[in-house]
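Quick notes on the structure that follows.
The values are calculated or read from the model by the stated rules, or taken from the named source; none is laboratory data. Values in this document were obtained by computation on a predicted structure and should not be read as measured data. Positions of Cβ are backbone-derived with ideal geometry, glycine not excepted, and every protein chain shown enters the neighbour counts.
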């Protein structure tokens, strides 16, 4: 069975605080490690009250320090927001503190709205140079050579696996050209998934970092006692998507009983399309849904996210998902 990994946004629920969100993140990471997940990734977002992972490298250090075996990384760092040297130093530091356990996923989007992207200073001048910035960053991880004027300290010669993330053909092409592992954001933008996967695998060029293509797909998992219970839990993520599109991002809301009377038909269609890669149901439903997803798309790895309101229910979703990897006894 392929590896399963975790994507966490450090959600801040209504009635909670970032302090509690960070405690939940570490608790979930320890649970994921116990269950046998391969990676635990955190994502860079800004100016979103319901997501507390803006200082992504800092939170990665917190999680890595509180666990012992699971790989911890960024899914991802939005590179146009940062100077490549600074990212190399941050992740060189993390990989020196936690050798063999740190991943660096790179994205091209700002991870926020236009006004906040401008406040970050760098995004709009750097987005078009993303391929060059990736190459510059990769070079900073190479061993320093005599006469090298600028080096990452720490970072030079440090083993930091670098992934490219994306939801488009552009990112798939770039990952293939650079010979890097590729993570597709199918958990919220699945439209180009099949085409991007095919392109990545067809055009992949082996590199010193990776000898054959390795593609990871994102999928939402919500598990409940029954299918109806899971569908109710899923309304938290559905509401969050609509609130974002309405221009009113806020704290993560509790589930509601009747979402059909809450959203418009157009909003429902938008969310259904964006969250098409979602497995929602009782444990048997999750098992069959994940197996069908893997059989259809053939990922090399699966990254699971579960954005539900209750922390215990969230932990249960990751438990059910991992149990779905085991052969059925039916």
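Failed condition for residue 279, given (1) surrounded by fewer than 18 Cβ atoms within 10 Å (Cβ to Cβ); (2) under 23 Å from the mean Cα position of the chain (by Cα); (3) within 22 Å of residue 184 (Cα to Cα), with all others met?
Exception for residue 279: condition (1).
Quick test for you: out of 247, 281, pick the one residue that is modelled with pLDDT under 95 and not assigned by TED's automatic domain parsing to the domain that holds residue 47.
247
Has segment 226-243 got any residue that is in the same structural domain as residue 308 (by TED's automatic domain parsing), part of a loop (DSSP other than H, G, I, E, B), surrounded by fewer than 23 Cβ atoms within 10 Å (Cβ to Cβ) and at pLDDT 95 or above?
Checked against the condition, which is being in the same structural domain as residue 308 (by TED's automatic domain parsing), part of a loop (DSSP other than H, G, I, E, B), surrounded by fewer than 23 Cβ atoms within 10 Å (Cβ to Cβ) and at pLDDT 95 or above, segment 226-243 yields at least one hit.
Quick one: which helices (runs of 4 or more DSSP H) lie wholly within segment 100-212 and hold at least 1 residues that are in contact with a strand residue (DSSP E or B) (Cβ under 8 Å, 6 or more places away or on another chain) and under 30 Å from residue 248 (Cβ atoms)?
Qualifying helices (runs of 4 or more DSSP H): 123-126, 169-178, 193-203.
Tell me, which residue of segment 248-258 that is under 25 Å from residue 52 (Cβ atoms) and in contact (Cβ under 8 Å) with a residue 24 or more places away in the chain is surrounded by the most Cβ atoms within 10 Å (Cβ to Cβ)?
Among those residues, the one meeting the criterion is 252.
Within segment 100-118, how many residues turn out to be surrounded by fewer than 18 Cβ atoms within 10 Å (Cβ to Cβ) and either farther than 19 Å from residue 43 by Cα or in contact with a helix residue (DSSP H, G or I) (Cβ under 6 Å, 6 or more places away or on another chain) (or both)?
Looking only at that region, the number is 3.
Out of all the residues in segment 248-264, is one or more assigned to a helix (DSSP H, G or I) and touching a helix residue (DSSP H, G or I) at 6+ places or on another chain (Cβ under 8 Å)?
Yes: segment 248-264 contains one or more residues that are assigned to a helix (DSSP H, G or I) and touching a helix residue (DSSP H, G or I) at 6+ places or on another chain (Cβ under 8 Å).
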